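S.K.: There's a structure below that I have some questions on.
Coordinate-derived values only; no laboratory data. None of these values were measured; they are calculated from a predicted model. Every residue, glycine as well, gets a Cβ built from its backbone with ideal geometry; the counts of neighbours run over all protein chains shown.
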Amino acid sequence: MTHRTVTAPEPTVVPGERPPTGAQAELLRTGMDTLHHADPELAALLDAEVEQQNSTLAMIASASTADPTVLAVGGAALSNVTAEGYPGARYHPGARQFDEVERLAVERAKQLFGARYANVQPHSCSSANLAVLSSLLRPGDTLLGLDLDAGGHLTHGSRASVSGRHYHAVSYGLDDRGLIDFAQVAELAREHRPRVLIAGASAYPRTVDFARFREIADRVGAYLLADISHIAGLVAAGLHPSPVDVAHLTTTSTYKQLGGPRGGLILAGRDFDAPGPDGRTPLHRLMQRAVFPQSQGTPSPASIAAKARAFAVAAEPAFRETAELIVADARALAAELSALGHRILTGGTDNHMVLMDVTGTGLTGVTAERALEECGILANRNRIPGDTRPPLVTSGLRLGTNILAQRGMGPAQMRACAQLLHLVLTGTHLVSDTTYRIDPALVTTVREEVRWLCARNPLPIDTDASTPVSLIGVGP
Ligand SMILES: *Cc1c(COP(=O)(O)O)cnc(C)c1O
């Protein structure tokens, strides 16, 4: 048997020769064209979805519309690369472009958030949170987070999530003004001495004081995890205080206000090399292992590329302008709804979110949600503090202005949105906790008005906006 030394050849790019331009664009075009012949059923559903997004007033606080370039990148052939591990340290060959893409995504995430460390591999923020928790906590250790019913997230210690089953989860709530009860946070921290304190929420319309959380965490020797899933766009734009240098670790979803693909992100700032629970291993190294191999397998290369693209979009001045509009719109929407007699939790908002008590209209959260959807307006039911109704029914609605602002709608147009909400909520009659009655003529009128508003304020994904005429003239 002969032995010979095989030197791996340097992957070569011949000078002056570039890959055929637009190979990826062509592939996407061909793929979609072929889909229409090969699978018309599925293609029709995808087309109907675009049409629906274009012609619906979406006020889902956890959603936004990804830039068309982000959507396209998410469908790239890069997705065909299977490579566990991290750039330069993969467990499979063939990751040359992917390594560069992931490095780019990490650099852009660090730049955008002023972070010292970023992990772009989490498939979702739930995965990111569970990775962080499982590397900082042993089973049975204590964590302290915002109660689900007070606006917290499942992964912050809810019994419905492993975060509330594998760990001893203690939760804090809101005071009687609907604000985070810091006296209670401090008291529970002193009593239970959690190893991890979580700051962040899925339904909280006010600024989160991360520095105050950090003081409490330091007093009891806890790690502070900031989860900015809902407000990541405002944080990136400098319109909400950043927790990146305040918390030990920060996590976020990338598809919510950040306008990226489905996915998650872990960041660390000043404390990126603070010691982990063993007193030695720095946090950034713990986090690398926490994601892979401890809680995930192969990363999703095209999603990581789409994250890289979204971070670049979020760094542009236009993103900041939209973020400013998001906040101004939410304030205006809250004020208009209040003026129409609706109860707005905390009396207003500091971010993109307006929480509303619908009991004044005689409705439940779920009937309000369904009646609005029938009229082309999307807003989801939400429990409100002291809610006596079950989670599938609820007494509140959660509204968000991310997508309205992405349509270019400003505070002046929030009056039209508030009036449409008001028309539907006051024109709907409760039959049971989950069923309602609404005049079909009202549905038609509101639907037409919604179409008109949408056509006047097209989404970035709307390729052929036409301009119909307002029927009842609530628009400016
Ligand atoms: C939405 C949300 C998550 C979960 O994000 P996914 O990416 O959907 O798993 C985690 N934390 C908070 C505060 C959220 O609002």
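S.K.: Share of antiparallel DSSP beta bridges in the chain, in percent to the nearest 5?
M.R.: 60 percent
S.K.: What is the range 317-456 by shape, rounded, prolate or oblate, if you read a ≥ b ≥ c off the alpha carbon gyration tensor as root eigenvalues and call it rounded for a/c under 1.5, prolate for a/b larger than b/c, and oblate otherwise?
M.R.: oblate
S.K.: Now, a different point. Give a quick list of trypsin sites (Lys or Arg not before Pro) in the range 367-409 that DSSP marks as loop, anything other than H, G, I, E or B, with at most 10 other Cβ atoms within 10 Å.
M.R.: Those that pass, being in a loop and sparsely packed, number zero.
S.K.: Taking amide H positions as placed in the peptide plane 1.01 Å from N, state which residues far from A169 in sequence (5 or more) or on other chains have amide H under 5 Å from it.
M.R.: HN-HN under 5 Å from A169: L143.
S.K.: For a test of the definition: using alpha carbon positions, the gyration tensor, and the 1.5 limit on a/c, classify the range 43-101 as rounded, prolate or oblate.
M.R.: Prolate shape, in that a/c is at least 1.5 and a/b is the bigger ratio.
S.K.: Next question, about the same structure. With r defined as the distance between the Cβ atoms of A160 and L46 and R0 fixed at 41 Å, what FRET efficiency is calculated, to the nearest 0.05?
M.R.: Between A160 and L46 the formula returns 0.85.
S.K.: Using the Karplus curve 6.51 cos²θ - 1.76 cosθ + 1.60 with θ = phi - 60°, work out ³J(HN,Hα) for each residue of the range 137-148 in order, rounded to whole Hz, and write x for Gly and Pro.
M.R.: 10, 8, x, x, 5, 9, 10, 10, x, 6, 4, 3
S.K.: In whole angstrom, note down how far apart the Cα centers of the range 92-133 and the range 255-287 are.
M.R.: Their Cα centres are 10 Å away from one another.
S.K.: Compute the semi-axes of the equivalent ellipsoid of the range 138-222, taking the square root of 5 times each eigenvalue of the Cα gyration tensor, and list them largest first in whole Å.
M.R.: With the √(5λ) rule applied to the range 138-222, the semi-axes are 19, 16, 10 Å.
S.K.: Nothing charged except the Cβ atoms of Lys and Arg (+1) and of Asp and Glu (-1): what's the magnitude of the dipole of the range 317-456 about its Cα centre? Round to the nearest 20 debye.
M.R.: 60 debye
S.K.: Quote the Stokes-Einstein diffusion coefficient, in whole µm² s⁻¹, for the range 75-218, based on the Kirkwood radius over alpha carbon pairs, a temperature of 20 °C and a viscosity of 1.002 mPa s.
M.R.: My calculation gives 124 µm²/s for D.
S.K.: Could you grab the relative contact order for the chain? Cα pairs under 8 Å, six or more apart, rounded to a whole percent.
M.R.: 18 percent
S.K.: Indicate the helices, whole DSSP H runs only, in the chain that combine a mean Kyte-Doolittle hydropathy of -1.0 or more with a Cα extent along their long axis of 18 angstrom or more.
M.R.: What comes out of the filter, once short or polar helices are dropped, is 23-38, 40-54, 96-113, 301-314, 317-339, 411-427, 440-456.
S.K.: Sum -39500 (n - 2.57) across every DSSP H segment of at least 4 residues in the chain, then divide by the residue count to get the 222 nm mean residue ellipticity, nearest 500.
M.R.: Result for the chain, helices only: -12500 deg cm²/dmol.
S.K.: Could you tell me which residue out of L136, A323, H156 lies farthest along the dipole of the chain toward its positive end? Charges go on the beta carbon: Lys and Arg +1, Asp and Glu -1, centred on the Cα centre.
M.R.: Going by the Cα projections, it comes out as L136.
S.K.: Enumerate the whole-percent occupancy of each 20 Å bin, from 0 to the last occupied one, for all C-alpha pair distances of the chain.
M.R.: That works out to 23, 52, 23, 2, 0, in percent per bin.
S.K.: Placing unit charges on C-beta atoms (Lys and Arg positive, Asp and Glu negative, everything else neutral), compute the dipole magnitude of the chain about its Cα centre in debye, rounded to 20.
M.R.: Roughly 1080 debye, rounded to the nearest 20.
S.K.: Further question on the same structure: Using Cα pairs closer than 8 Å and at least 6 residues apart in sequence, work out the relative contact order for the range 300-375, in percent.
M.R.: Relative contact order here is 20 percent.
S.K.: Let me ask something additional. Compute the signed sum of charges (Lys and Arg +1, Asp and Glu -1) over the other residues within less than 13 Å, Cβ to Cβ, of G152.
M.R.: Charge balance in the 13 Å sphere: -2.
S.K.: Could you tell me how far the Cα centroid of the range 409-468 sits from the Cα centroid of the range 318-379, in Å?
M.R.: Using only Cα atoms to place each centre, the spacing works out to 13 Å.
S.K.: Would you mind checking which residues have amide H under 5 Å from G260's amide H? H placed 1.01 Å from N; only 5 or more apart, or other chain.
M.R.: Here the answer is Y255, since their amide H atoms fall under 5 Å of that of G260.
S.K.: Right, another one. Within the P(r) computed for the range 80-314, what percentage of the Cα pairs occupies the region above 30 Å?
M.R.: Counting every Cα pair in the range 80-314, those more than 30 Å apart make up 20 percent.
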